[in-house]
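Peer 1: My questions all concern the structure below.
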Amino acid sequence: MQLNGKEKPVGKEAHSFHAKLLFNPEGNDKLEARKIIKGNPTNLFNLNDVKYQWANRVYRWMMGNFWIPEKVDLSIDVLDYNKISPSEKRAYDGILSFLVFLDSIQTNNIPQIADYITAPEVTLILSIQDYQEAIHSQAYAYLIETVVPKANRESVYEFWRSDKILYERNKYIAEIYQDFIDDSNDYNFARVIIANYLLEGLYFYNGFMFFYTLASRSLLSGTASMIKYINRDEFSHCILFENVIKNVREENPGLIQEDLVFDMFRKAVDQEITWSQYIIGEDVVGITHKTITTYTKWMANERLKAIGFPLLYEGYDENPYKHLDRIADVGGEGHVKGNFFEATVTSYNMSTAIGGWDTF
C-alpha cells in the first residue's frame, strides 16, 4: 500500500481520522467523554473542568517562563567569538543553523497537531508552546545578528543547503511532519508525536551542551544565558509530549507500537551522534566523540523510560556532563526531579538576563 509515494510498513494500521471542528454544537464536553485525540468536543474552552491535571501544572510552569531575547546582554559575546578557535566558531555557527531549523519547523508544525487534540486543556498549552517556539526563532536571529560576523550570517541560515549531514537531519524530521499533514491517519499520528518528543527531548541537547561547555570556560556567557532560557522552554515541551504520549497510549491501545518507537529512537540517536561528532569535532575542551555518544544514548534511555518503554542502550546510565548541572538548570514547577533534570524552580518574569557564568 502506498502512502504519499511511500510504502506503508507491513502490519501497520493506518485508519484515517479528522481534525476537530472549529465549533461543534453536537459535541460532548463532559470529563468522562474527554480524550486527548478522537474525542467529540464542542471546541469551547471550559477550563474549570479539567480531566488531565498534568496539563494544569505544565500550563503554570510554561506561563512562568516569559522572557524577552533582547534583554540578554551579548556585548561580551561579540569579543569572545573572536577568542574561540576556528573549530569552535564552526560548531557555534553550525549548531545555531540546526537550532534555527528545529524551532522554525516546530512553529509551523505544532498547530497541525493541535488540530487533532480534543482536550481543551492540552490544546491550550500547545498554543503556548507554539508562541515559545516563535520566541526561540527570534532569539536565534538575535544571536546571529549580534555575535556572528556580518559576512558569515547568511551562511548560518543557508548551511543546510551545502552540508549533506545537516540536510539529511532536517529532511528526516520534516518528512515525518509532512506525511501527517498529507495523510492524517493513526500511523502517521503516532510517528509525528514520537518525532516531536524526540525533537524536544533529544535533538537540542548536544548543541546545548556545547554552549554550556564554552560558558564553563567563561566564554560566550550571554549565548549560554539565552540557551538556558530556550532549554527550559524546550524541557517543558518535552514534558508536555511525554504526557500526551502516555495518555494516547492509555486511551488508544496499540496505536503507538513499540517497534515503531524503537526504530525512530535508533534513527534519531544515530543521526544525533553523527551530526554532533561532525559539527563539534574533538577540538572543544570538555567534549569528545565518546562523551557525545554516551550522552546521547543516556538521554535516549531517559526519554524512553519516561514514556514507559524499555531502555534501548544497556550500560548507558550516567550523564557524562553532570558537572554542567549547575548551568543546565532546566527543571520546573511540578516536575519530578532526577539525574540531569534535577533543578531548582526558577521564575522567568525577567527584568534582567540569567547571570552567574563568571562564578562557575
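The values are calculated or read from the model by the stated rules, or taken from the named source; none is laboratory data. Nothing here was measured: the structure is a model prediction, and the numbers come from that model. Methodologically, a virtual Cβ is constructed for each residue, glycine included, from the backbone with ideal geometry; neighbour enumeration extends over all protein chains shown.
Peer 1: If ALA353 passes every condition in (1) assigned to a loop (DSSP other than H, G, I, E, B); (2) more than 23 Å from ASN243 (Cα to Cα); (3) at pLDDT 95 or above; (4) not aromatic (Phe, Trp, Tyr) but one, which one does it miss?
Peer 2: (3)
Peer 1: Of everything in segment 185-210, what is in contact with a His (Cβ under 7 Å, 6 or more places away or on another chain) and over 13 Å from VAL248 (Cβ atoms)? Give them in sequence order.
Peer 2: Result: ASN185, GLU200.
Peer 1: Can you tell me which residue among ILE144, ILE176 is assigned to a helix (DSSP H, G or I), aliphatic (A, V, I, L, M) and either within 17 Å of the chain's Cα centre (by Cα) or under 30 Å from LYS35 (Cβ atoms) (or both)?
Peer 2: Result of the check over ILE144, ILE176: ILE176.
Peer 1: Still on this structure: Pairs under 8 Å by beta carbon, first residue at positive phi in segment 78-92, partner among the hydrophobic types (A, V, I, L, M, F, W, C) and in a helix (DSSP H, G or I), six or more apart or different chains?
Peer 2: Once the first residue is at positive phi and sits in segment 78-92, no partner that is among the hydrophobic types (A, V, I, L, M, F, W, C) and in a helix (DSSP H, G or I) comes close enough.
Peer 1: Would you pick out the residues in segment 277-306 that are of a type in the set (A, V, I, L, M, F, W, C) and in a loop (DSSP other than H, G, I, E, B)?
Peer 2: If the condition is that a residue be of a type in the set (A, V, I, L, M, F, W, C) and in a loop (DSSP other than H, G, I, E, B), then VAL284, VAL285, ILE287 are the ones that fit.
Peer 1: In addition: Look through segment 197-252, keep the residues that are within 20 Å of GLY308 (Cα to Cα) and among the acidic types (Asp, Glu), and return whichever of them is surrounded by the most Cβ atoms within 10 Å (Cβ to Cβ).
Peer 2: That would be GLU200.
Peer 1: Search segment 253-276 for residues being of a type in the set (Val, Ile, Thr) and either surrounded by fewer than 19 Cβ atoms within 10 Å (Cβ to Cβ) or under 18 Å from the mean Cα position of the chain (by Cα) (or both), and hand back the single one that is farthest from LYS35 (Cα to Cα).
Peer 2: In this case the residue turns out to be THR274.
Peer 1: Counting only residues that are hydroxyl-bearing (Ser, Thr, Tyr) and more than 30 Å from LYS30 (Cβ to Cβ), which one in segment 50-109 is surrounded by the most Cβ atoms within 10 Å (Cβ to Cβ)?
Peer 2: Here the answer is TYR92.
Peer 1: Residues ILE165, ILE128: which one is among the β-branched types (Val, Ile, Thr), in contact (Cβ under 8 Å) with a residue 24 or more places away in the chain and within 30 Å of ASP49 (Cβ to Cβ)?
Peer 2: One residue alone meets the criteria, ILE128.
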